[in-house]
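Enquirer: Here it is, the structure, as structure tokens.
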């Protein structure tokens, strides 16, 4: 399953040649591996531009979701869901903190600025506890903005940790989110060498593949033609991601401006950063390094300005649109931009063979956010969709409209069930949704 060279260990994708050597955990055409992913968008959505018209298979795309048309058969839009545990419940403001904290747990977080934080165990960690026993990493938590803020974020008495992460291993143990692609790459394809040795290799512009060249050459000789093609495509993807990370690092070193320190390996442009993080998730799935990923496109209260879209206002300020048509149009433009990047990721997953199908066929991804209308700070109806075939357990190409304020937790329960992980209840759930 691994190639080992001088100071390096490289995970490989599952190949036909490996299957006879595997036992109960082997992936076969009849029993493909399931993967579970989450992609979070902050600050709500322009719901009138998000929600499709029509239901079932006959729905018509909304303007925001139209970029998903190429993968229509793998997309299920879910409307009508609300997340009551993210409401105030007497705690006053703080919706931007409660939204992400309750998104995957349906649990009302404790209002505190101190160390006595408390939320709920999230479904990514519940699933990872089962699926992760067979993988190098139980789960992978990613973001595009550096985390680690302290104190009260938002001025409502909630610790910054509630907007810094989506994932909680226990009610008092949040999982850190990594925003640096270089750090993620080293985590996925870490090589057992010291940090100093990895830095030397990085500065020499060497690839991790260089360390396993001899082993790789011998390995390729014993593979059949389909496996050789699969390995070649996989290694090409690794080299391409390394090249992009190195280019981003070179750009950061070449800047003469007195900029504050930032993590090495973070591209200058947002879309390059997002694409890198999506590609790293695809590689992690392909090599079965992990089967559970969570990606925060941006955190709540994000002040990112999308100048590449002609939107110079900070995202959070735009979300407080006060029904201004110009601000609503800008918000919809940001929502559509995020969906466009997500659609590219889905097409990449669909193009990667996996067993008798593709990675997209065998993956289930929840895309959405913890806030509905950012102007009202409401938590219903939430922007929500599912992508992927869940290893044959979910049929796409549909818009499922549920009664207003149907608990989001019911959908969470359904997702856990699709991964064949036992769970009777989470948060305020009443029963799994019939998807």
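Rule-based calculations on the coordinates, nothing more; no lab input. Every value quoted in this text rests on a predicted model; they were computed, and no experiment measured them. So basically every Cβ, Gly included, is an ideal-geometry build from the backbone, and we count neighbours across all protein chains shown.
Enquirer: Cα centroid distance between region 155-179 and region 378-435, in Å?
Expert: 23 Å
Enquirer: Could you give the distance between the Cα centres of region 93-136 and region 300-315, to the whole Å?
Expert: That distance is 27 Å.
Enquirer: By the gyration tensor of its Cα atoms, with a ≥ b ≥ c the square roots of the eigenvalues, what is the shape of region 283-435: rounded for a/c under 1.5, prolate for a/b over b/c, or oblate?
Expert: Note, shape of region 283-435 comes out oblate.
Enquirer: What's the extension gain from residue 236 to residue 305 if we count 0.36 nm per residue and subtract their Cα-Cα distance?
Expert: That pair, residue 236 and residue 305, stretches by 21.5 nm at full extension.
Enquirer: Going by C-beta contacts inside 10 Å, put 219, 38 in order with the fewest on the left.
Expert: Lowest count first: 219, 38.
Enquirer: Treat the count of other C-beta atoms within 10 Å as a stand-in for reagent exposure and order 316, 379 from fewest to most.
Expert: 316, 379
Enquirer: Nearest 10 degrees is fine. How inclined is helix 270-286 to the longest principal axis of the chain, computing both from alpha carbons?
Expert: Once rounded, the angle reads 60 degrees.
Enquirer: Which residue, 105, 302, 319, tops the fluctuation ranking in a GNM of the chain built on C-alpha contacts under 10 Å?
Expert: Most flexible of the set in this elastic network: 302.
Enquirer: Same structure again: Extending each Cα 7 Å along its Cβ direction at residue 55 and residue 417, get the distance between those two points in nm, one decimal.
Expert: For the pair residue 55/residue 417, the computed spacing is 1.8 nm.
Enquirer: Nearest 10 degrees is fine. How inclined is helix 408-418 to the longest principal axis of the chain, computing both from alpha carbons?
Expert: 20 degrees
Enquirer: Let a ≥ b ≥ c be the square roots of the eigenvalues of the Cα gyration tensor of region 27-139; is it rounded (a/c under 1.5), or, if not, prolate (a/b larger than b/c) or oblate?
Expert: oblate
Enquirer: I've got another one for you. Choose one answer from 313, 324, 164: the residue with the largest mean-square fluctuation in a GNM of the chain with alpha-carbon springs under 10 Å.
Expert: Residue with maximal mean-square fluctuation among 313, 324, 164: 324.
Enquirer: Now, a different point. Averaging sequence separations of C-alpha pairs under 8 Å and six or more residues apart, then dividing by the length of the chain, give the relative contact order as a whole percent.
Expert: 32 percent
Enquirer: Of 312, 358, 139, which is the most mobile in a GNM of the chain whose springs link Cα atoms less than 10 angstrom apart?
Expert: 312
Enquirer: At 0.36 nm per residue, and after removing the present C-alpha to C-alpha distance, how many nm does the segment from residue 356 to residue 228 gain when stretched out fully?
Expert: Gain in length upon complete extension: 44.4 nm.
Enquirer: Classify region 77-190 as rounded, prolate or oblate from the Cα gyration tensor: take a ≥ b ≥ c as the square roots of its eigenvalues, call it rounded if a/c is under 1.5, otherwise prolate when a/b beats b/c and oblate if not.
Expert: Prolate.
Enquirer: Also, quick follow-up: When the helix-only estimate is applied to the chain (DSSP H runs of n ≥ 4, each -39,500 (n - 2.57), divided by the residue count), what is the mean residue ellipticity at 222 nm, nearest 500 deg cm²/dmol?
Expert: Estimated from H runs of four or more residues: -10000 deg cm²/dmol.
Enquirer: If you don't mind, another one. Rg/Rh for region 322-367: what does it come to with C-alpha atoms and Rh from Kirkwood?
Expert: 1.26
Enquirer: Okay, next question. At 0.36 nm per residue, and after removing the present C-alpha to C-alpha distance, how many nm does the segment from residue 149 to residue 324 gain when stretched out fully?
Expert: My answer for the length gained is 59.8 nm.
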